[in-house]
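Student: Can you keep this structure in mind? I'll have questions shortly.
Values in this text are rule-based calculations from the coordinates and carry no lab data. What you are looking at is a predicted structure, and each value in this text was computed from that prediction instead of being measured. No Cβ is skipped: glycine too gets one built from the backbone with ideal geometry, and neighbour counts run over all protein chains shown.
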Amino acid sequence: MIKILVVDDEPAMREGLADNLQFEGYEADLAENGKMALQNLKEKKYDLVILDVMMPEMSGFDVCKALRREGNDVPVILLTAKGEEIDRVLGLELGADDYITKPFSLRELLARVKAILRRSQSSDSTGNQHFEKIGLLEVDFKNFVAIKNNEEVKLSHREFEVLHFLKEHQQEIVGRDDLLKNIWRYDEFPTTRTIDNFILRLRQKIEHNPNDPKIILTVHGMGYKMV
């Protein structure tokens, strides 16, 4: 059974989410703060974490940062009552897979949960693998696998999606807004700083010299182009 960890300091919110997730057939564990969440994640393997941002002592941002620093790539959906652009950017830069602002509809949250779980499950698929050469990496987009020097390289789901989008539009100029709308699917996003940071991380994994990129080029004033 798929296991989901719900982390929120508001009892009504975390218990309500858990009830609805269980109704959908998922197993839901609860944590009331960030420290408890990290302890749960050390003791159990989860398929997804639904993580509130605004918590006392340890914020959801801090939890997400700690997870990624430890090499835990469990998918994370951030929940927050704040909708400012800077919070979205920070959450995504810290490795979150999705971001939803309170108040939200249960239907919307469940749709995002299912979408992320589909991607995650496909990465565990034992089906046929098809690798494409992109710089230093061999990438199987269907199964979310990346290989470098015969060793698997950890890419986040967002990194796979951005890389795949650029590959699909190879030799074309892809604007930052195109990536935001097609990958993050936000209609409005005032700044594109998060895209630049994603591209920087991808270059560090695929380029021989990230400071002199030959695969993902910057087209100044327009966006990026994969060659």
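Student: If the limit is 27 Å between Cα atoms, which of Lys3/Lys205; Lys44/Lys154; Lys42/Lys133 go over it? The partial results should precede the final answer.
Tutor: On the way: Lys3/Lys205 30 Å; Lys44/Lys154 20 Å; Lys42/Lys133 35 Å.
Beyond 27 Å: Lys3/Lys205; Lys42/Lys133.
Student: Sticking with this structure for a sec: For the Cα atoms of the chain, what angle does the longest principal axis make with the long axis of helix 193-206, in degrees from 0 to 90, nearest 10?
Tutor: 60 degrees
Student: Okay, moving on. How far apart, in nm, are the 7 Å Cα→Cβ label points at Lys148 and Gln22?
Tutor: 4.3 nm
Student: Modelling each spin label as a point 7 Å along the Cα-to-Cβ direction, I'd like the Glu32/Leu110 distance in nm, to one decimal.
Tutor: Taking the simple label geometry, Glu32 and Leu110 are separated by 2.8 nm.
Student: Related question: Which number do you get for Rg(Cα) / (2.2 N^0.38 Å) in the chain?
Tutor: Working: Rg = 17.9 Å, N = 227, 2.2 N^0.38 = 17.3 Å.
My calculation over the Cα atoms of the chain gives 1.04.
Student: Moving on. Which of the three applies to the range 3-123, rounded, prolate or oblate, going by the alpha-carbon gyration tensor with a ≥ b ≥ c and a/c under 1.5 meaning rounded? List each step's numbers first, then the result.
Tutor: Values: a/c = 1.17, a/b = 1.09, b/c = 1.07.
Here the range 3-123 falls in the rounded category.
Student: Sticking with the crude label model, points 7 Å out along Cα→Cβ, report the distance from Phe165 to Asp73 in nm, one decimal please.
Tutor: Simple spin-label model gives 1.9 nm for this pair.
Student: In the chain, what % of DSSP beta bridges are antiparallel (nearest 5)? Display every interim value, and only then the final one.
Tutor: Details: 13 of 30 bridges.
Of those bridges, close to 45 percent are antiparallel.
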